[in-house]
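**Student:** Okay, here's the structure, questions in a sec.
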Amino acid sequence: MSHRPQLDHVVLAVHDLAAAADDFRALGFTVTPGGEHTGRSSHNALIVFDDGAYLELKAWRAAAPDEAWWRTLDAHGDGLVDYALWPASVPAALAAAHARGLHTLRGPVPGRRARPDGADVRWETARHDTPDVPFLCADLTPRALRVPEGAARQHANGATGVACVQMATHDLAQTARRHQALLGTALSWQWAGRDGDMAGLRYRLGGTDFELFGPLALADQADIAIQFIATDPSPHSAFDAARARLRGHGEGPFACRLHAAAGSPARVLDPARTHGARLVLGQAG
């Protein structure tokens, strides 16, 4: 397979998987049981979209202090913890990132899950040392085993895909350099606005925008060595949410916008049911 990297999935860590699945079903999503992760105490459920990306609801049956996502869940409660990009090959993407100077990307690391129907699902990942860079995830078994197709991708609320992932970082220039090293020529940067000491940058992979928010001094702009294109700014609420994320949880994703059927009004989904995730259904937001 040969394709440019694109969004694979967004991870939402929760204390109670069954309760989270019920809440998302109440919001109009189709939730598919994922199964048990081999050799770990974690299990998951999936909300898969027609564009092939998915939201992973992940919980643990026992404490897992060696796992960063569990530590974040334990310290801060339910919420978004990470997101993954899907390359054609993790080893090839890893080698290319290393050649571009991103030596703190580690892998490949095998992963495995037993589905409720007994199917064996295997994949491999590569992860950066810091949480301001997405991890890579690619399949070793057929992708349809890990990412269900058909009815699993149809949602009563009309959600069809992930339009945007928003992430907060303590050093926007440094994070931009790391994303550039991870993805190389796949990136074309745009401004996503400025608010006080905070700036936003945006790039697109496939049908998904990725917006990075963090402090950016004027002197840092030239040092990133990429062309910035003026564009419509993100709303001030995105900057406020990024600041709140940095204060409360540290670096990482803080919101997603979901594609919906044409003409559907944008709305923020009920935060009482989204388990700490800011999810906007519709094009605006």
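**Student:** Please compute the contact order of the chain in relative form: average sequence separation of alpha-carbon pairs under 8 Å and at least six residues apart, divided by the residue count, as a percent.
**Tutor:** 20 percent
**Student:** From the Cα gyration tensor of segment 33-187, with a ≥ b ≥ c the square roots of its eigenvalues, which class applies: rounded if a/c is under 1.5, or else prolate if a/b is larger than b/c, or else oblate?
**Tutor:** rounded
**Student:** Averaging sequence separations of C-alpha pairs under 8 Å and six or more residues apart, then dividing by the length of segment 12-100, give the relative contact order as a whole percent.
**Tutor:** Contact order relative to length: 30 percent.
**Student:** Over the chain, with the other protein chains present, what is the accessible area per residue in square angstrom, probe 1.4 angstrom?
**Tutor:** I get 42 Å² per residue for this part.
**Student:** With the cut-off at 1.5 for a/c, could you classify segment 100-195 from its C-alpha gyration tensor as rounded, prolate or oblate?
**Tutor:** Note, shape of segment 100-195 comes out oblate.
**Student:** In Å and from the alpha-carbon atoms only, list the Rg and Dmax of segment 55-128.
**Tutor:** Rg, Dmax (Cα atoms, Å): 14.7, 42.
**Student:** Report the extension gain between Ala88 and Ala144 in nm, rounded to one decimal, defined as 0.36 nm multiplied by the number of residues separating them, less their alpha carbon distance.
**Tutor:** Length gained, Ala88 through Ala144: 18.7 nm.
**Student:** Now for a different question. Rounded, prolate or oblate: which fits segment 1-105 when a ≥ b ≥ c are the square roots of the eigenvalues of the alpha-carbon gyration tensor, with rounded for a/c under 1.5 and prolate only if a/b beats b/c?
**Tutor:** Oblate, because a/c is 1.5 or more while a/b does not exceed b/c.
**Student:** Rounded to the nearest 5, what is the percent of antiparallel bridges among the DSSP beta bridges in the chain?
**Tutor:** 75 percent
**Student:** List the chymotrypsin sites (Phe, Trp or Tyr not before Pro) in segment 44-129 that DSSP assigns to loop (not H, G, I, E or B) and whose Cβ has at most 10 other Cβ atoms within 10 Å. Which are they?
**Tutor:** For chymotrypsin sites (Phe, Trp or Tyr not before Pro) across segment 44-129 that sit outside H, G, I, E and B with at most 10 neighbouring Cβ atoms in 10 Å, the list is empty.
The values are calculated or read from the model by the stated rules, or taken from the named source; none is laboratory data. Computed from a predicted structure; not experimentally measured. Here the Cβ is made from the backbone with ideal geometry for all residues, glycine too, and neighbour counts use every protein chain on show. These accessible areas exclude ligands, DNA and RNA; they are computed on the full protein's heavy atoms, side chains included. Shrake-Rupley method; radii C 1.70, N 1.55, O 1.52, S 1.80 Å.
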